[in-house]
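Notes follow once the structure below has been shown.
No lab work stands behind these numbers, since they all come straight from the coordinates. Bear in mind that the values here come from a model prediction, so they are computed numbers and not experimental data. No Cβ is skipped: glycine too gets one built from the backbone with ideal geometry, and neighbour counts run over all protein chains shown.
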Amino acid sequence: MGAGSTGPREIRTITLDPTPLPPPTGRVRADLRQSSIDASLGRMQVWVRNDTVRDLVPTAIRYLDDRFPRVLVGDRLRLDPARSERGYSLLLPARPDCGRALADPRQDTTRGVVEVVTADGTRRVPVEDEADVVARYVENRREEIALAQVATLRWSDGVSVDLTAAPPVGRPTLVVVSSGRPGRTLVIDSVAGSHLLQSTSEPPRWDPAVRIASDDDVTRIPLPLEPARCDVHAFIEGGGATAFRVRYHLDGEAGEVLLRMSPTGARHALDFAREACGLD
């Protein structure tokens, strides 16, 4: 140290008091949420906020909604401590009441009710659905059920790969299986990419414009794709990476469904994307 030095300077540490929580309201609240992983597994979650001074130990979680033909039963039951919240998974039914889809979610965000059953009794709590989880699911299933009367859409499990192309190209196939009943027509207008996978065309959207009769043979539509991005975060957000919006006209009427790849097809598509991005 040089002359006049007084040694190391002491650094003062200031400890901030934690911001106190407001007093509990004494209420239990609930809302619906759905991650991309939940959507790919055909489920949603009801989150129960226990804003009371006592822990909740649910023995059953039941979600009631007039758009569903039965009560949905929550799983992963566990302690919901006082001043905390916990999410419980609900498996969505294959055939909801398509006539009761909510046209404008801003007009009614509490269509459902959750019953939280504990040793002390049952609490009936209105459930908020600001993200419009139920109405979006019901609407998509309505489209799928109507479409199935003419044809069934699915993705092939296999994805052909050309790594010599610049950039590399993968080719999944959209498979259209007609119902066999004559007299109706389906036109596959376009298919939108996901946050991770997109068309090789410009703009990045598939526009096959394929016309299919309801008594045609199986129709196969290859759709060349490439990674839309190669950052690791895109692969972490994988629940919606292999779900694509298919827009069509059914007997002249426009429609749209979200069509997911099977687990096998999704694995092949993601393997291609990782290899094309040089992440393997």
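Below, the figures for the structure above:
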read-out	value
Compactness relative to 2.2 N^0.38 Å, alpha carbon Rg of the chain	1.36
Protection proxy ranking of 263-274, 19-30, 74-85 - average other beta-carbon atoms within 10 Å, highest first	263-274, 74-85, 19-30
Cα-projected label distance for Ile37 with Ala146, points at 7 Å along beta-carbon direction, nm	3.4 nm
Proportion of all alpha-carbon pairs of segment 235-280 beyond 15 Å (%)	55 percent
Label-to-label distance, nm, for residues given as Arg29 and Asp231 (7 Å Cα→Cβ offset)	3.1 nm
Between helix 263-277 and the chain: long-axis angle, C-alpha atoms, 0 to 90°, nearest 10	80 degrees
Computed [θ] at 222 nm, deg cm²/dmol, the chain (DSSP H ≥ 4; -39,500 (n - 2.57); rounded to nearest 500)	-4500 deg cm²/dmol
Computed lengthening from Val73 to Ala165, 0.36 nm per intervening residue step minus Cα-Cα distance	28.2 nm
Tail weight of P(r) past 14 Å, computed on alpha-carbon pairs of segment 159-235, percent	66 percent
Rough spin-label spacing in nm, given labels placed 7 Å along Cα→Cβ, for Ser89 and Arg124	2.9 nm
Cα-centre dipole for the chain with unit charges at Cβ (Lys and Arg positive, Asp and Glu negative), debye to 20	700 debye
Per residue convex hull volume, Cα atoms of segment 135-178, in Å³	93 Å³
Residue (of Ser199, Pro167, Val134) at the positive-pole extreme of the chain, dipole from beta-carbon charges	Val134
Cβ charges +1 (Lys, Arg) and -1 (Asp, Glu), total dipole of segment 223-271, debye	100 debye
Cα-based helix-to-principal-axis angle, 133-148 vs the chain, degrees rounded to 10	10 degrees
